[in-house]
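I have placed the structure first, in the form of structure tokens, so that the comments after it can refer back to it.
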């Protein structure tokens, strides 16, 4: 199985991460790139789960996991007694064979990431987070972000980040292909 390209979209609450990921996915889908998303529920507590269907009723009645499938679509609800690690969650998403896994949140994790800068106070993330590869800034923060950042900074209202992101995906896949070919050659 080919490992997907994993990339985070980080930023403080209400900075547009979900909207940004949706736009990124639309652009990737146009290129037939399959994307999976892992979102951190950063509001505290468990995510809200509607209680309208049998699978939800099973889950709320105490099932450790409840899965419903129909016409190729699956919904999974699960409780991890000790909490699932981000690595375990990524492995779960890998079962769907995506080309790319986008992570929304989990900003303290060490995956390559882009930071969304909407306010000047967000600039603290440029120095406080690890593995920052790029920043996307709202117009009012663009110049200040460019002055402070040691990574590429892209305006929110352009496709420049997407073009850069595609280069990262292609570079990663090319590097993986070279490494895999080298392993195959060594085995022969």
Cβ-Cβ under 7 Å, sequence separation 6+ or interchain: first residue in the range 1-29 and on the phi > 0 side of the Ramachandran plot and touching a residue at least 12 places away in the same chain (Cβ under 8 Å), partner part of a strand (DSSP E or B) and buried (at least 17 other Cβ atoms within 10 Å of the Cβ). Which pairs? 11/115; 11/116; 16/116
Residue satisfying condition, being surrounded by 12 or more Cβ atoms within 10 Å (Cβ to Cβ), in contact with a strand residue (DSSP E or B) (Cβ under 7 Å, 6 or more places away or on another chain) and either at pLDDT below 95 or in a strand (DSSP E or B) (or both), within set 93, 142: 93
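Does at least one position in the range 79-90 carry a residue that is in contact (Cβ under 8 Å) with a residue 60 or more places away in the chain and in contact with a helix residue (DSSP H, G or I) (Cβ under 6 Å, 6 or more places away or on another chain)? Before you say what the answer is, go through the steps one by one.
Kept after step one, since they are in contact (Cβ under 8 Å) with a residue 60 or more places away in the chain, are these residues of the range 79-90: 90.
When the remaining residues are screened for being in contact with a helix residue (DSSP H, G or I) (Cβ under 6 Å, 6 or more places away or on another chain), the result is none.
No, every residue in the range 79-90 fails to be in contact (Cβ under 8 Å) with a residue 60 or more places away in the chain and in contact with a helix residue (DSSP H, G or I) (Cβ under 6 Å, 6 or more places away or on another chain).
Could you tell me whether residue 156 is touching a residue at least 60 places away in the same chain (Cβ under 8 Å) and more than 30 Å from residue 75 (Cα to Cα)?
Values: touching a residue at least 60 places away in the same chain (Cβ under 8 Å): yes; more than 30 Å from residue 75 (Cα to Cα): yes.
Taking the combined requirement at face value, the residue satisfies it.
The values are calculated or read from the model by the stated rules, or taken from the named source; none is laboratory data. As the structure is a computational prediction, the values presented were derived from the model and not from experiment. Quick reminder, even Gly has a Cβ in these numbers, built from the backbone with ideal geometry, and neighbours come from all protein chains shown.
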